[in-house]
Structures are given as C-alpha cells and as structure tokens.
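A short reminder: the numbers here are calculations on the coordinates, not readings from a lab. For clarity, every value in this text was computed on a predicted model and none was experimentally measured. For neighbour counting, all protein chains shown are included, and Cβ atoms are generated from backbone atoms with ideal geometry for every residue, glycine included.
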Amino acid sequence: MNALESVVEDPPATPKRECPAAATTEPPPQSSPRTGTTSSRGCQWVAWVSFITLGALMGPLLGDLPPYGLGTALAAVLLVLLKGLWKGVHAALPWLFSLVTAGLFYLLIPGGGYVLAGTLAGLVSAYLWAKPFTRVLNAAPGCVLVAVITPAFVSGHPADLIALALTAYAASRFSILPVMLFALAVTAALRALLPG
C-alpha cells in the first residue's frame, strides 16, 4: 500500500468543531447600523450629540451661510440618497407631486410648512396611484427628501439652478462626498461668473 492509498482510505483525524450559531436556535447577530450592540449605539449617540453641539456652538461664528452655496451641498446629499431610492419613473411620480406642492407652498406661504405639505401631497398621490399600502410606504422617504430640497429648485438665481442641474447629474453617477464637493465648487464658480 502506498502513501496515496492510505490518505484516501484513512484521512487524518481532526477534531469536529461545531458552529456556535448552528448549535442554537437563535439567528446569528446581524451587523448593521440599526442593530448594532448597545455600546456601538451608545458611541453613535455620543458622536451625534457631540457634533450637533459643536455645530450649534460654531455655527454663529460662520455668519451668513447662503452665499457659500451650502444649500446646494445639502441638495447634493439628498439627491444622492434619492438615487438609492429610485425604482423607476412610475414609482417616482409622487416625488414630482411633492416637489410641485412644496414649491408652491414655499413661494406662497411663509414658514416651513412646505415640507409637510409636499410630503403629504406625495403620499396622497402614491396612495391614489398605487393601491398597495407598501408602495405608499416606499414613496414616503423620497417625498420627504424632495420636499426638503424644494427651496433649491425654486431659487430665482440662475447660477443656483444651473448648479443644481449639474449636481443632479453628478448625483446620478457618483457617491455623496464627491457630489457634495462638486456642488460646492460648481455653485461657487457659477455665482462668480453669473452674479446677481
């Protein structure tokens, strides 16, 4: 008998190891931001509160922010988030109703009610078009995001509108950080070229 035959007939004995997850009836723990451990959620909460506090303390030192084009940067971030929610033109029609309604409320009624009005209009249109309630729930995040960035769409400044259009195109191609930096740079450049 040669060495090859002995390996084939009698493999070396190895201790059996059971997977701890297989030995229990509980599902294995999931790793995600929403289902993290208590300590990781605590760290996220501390970081969130710390940066909110830092922003509240440092914000007044920065002065008037609209000239810097930060509204376009916020729109850039939310447009990238909308890209992740995109499920086709038909599913995005409630977003259009949100945009139009929020735009009208923003232009005609002072205050922040345009976000609520736009969101509700989008949800009602989703309910009327798509009877399954799950489609209404799927449309809700997009309706809120569109309603929040409505002021950027109804801006009367040509530089901001062009920057928003370019940012929307960039948001369809790239991730959040490059799109946000692009939005800031394009807004600054266009405001310098098209004053007024």
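Averaging sequence separations of C-alpha pairs under 8 Å and six or more residues apart, then dividing by the length of segment 63-193, give the relative contact order as a whole percent.
Worked out over segment 63-193, it gives 36 percent.
Can you put Cys43, Cys143 in order of Cβ neighbours within 10 angstrom, beginning with the fewest?
Sorted ascending by nearby Cβ count, the order is Cys43, Cys143.
Tell me which chymotrypsin sites (Phe, Trp or Tyr not before Pro) from segment 87-170 have a DSSP coil assignment and no more than 13 other beta carbons within 10 Å of their own.
none
What are the radius of gyration and Dmax of segment 63-193, computed over its Cα atoms and given in Å?
When restricted to the Cα atoms of segment 63-193, Rg and Dmax are 14.9, 49 Å.
Got a sec? Charge dipole of segment 63-193, +1 on Cβ for Lys and Arg, -1 for Asp and Glu; which of Ala130, Phe174, Tyr106 is way out at the positive end?
Going by the charge dipole, the pick is Ala130.
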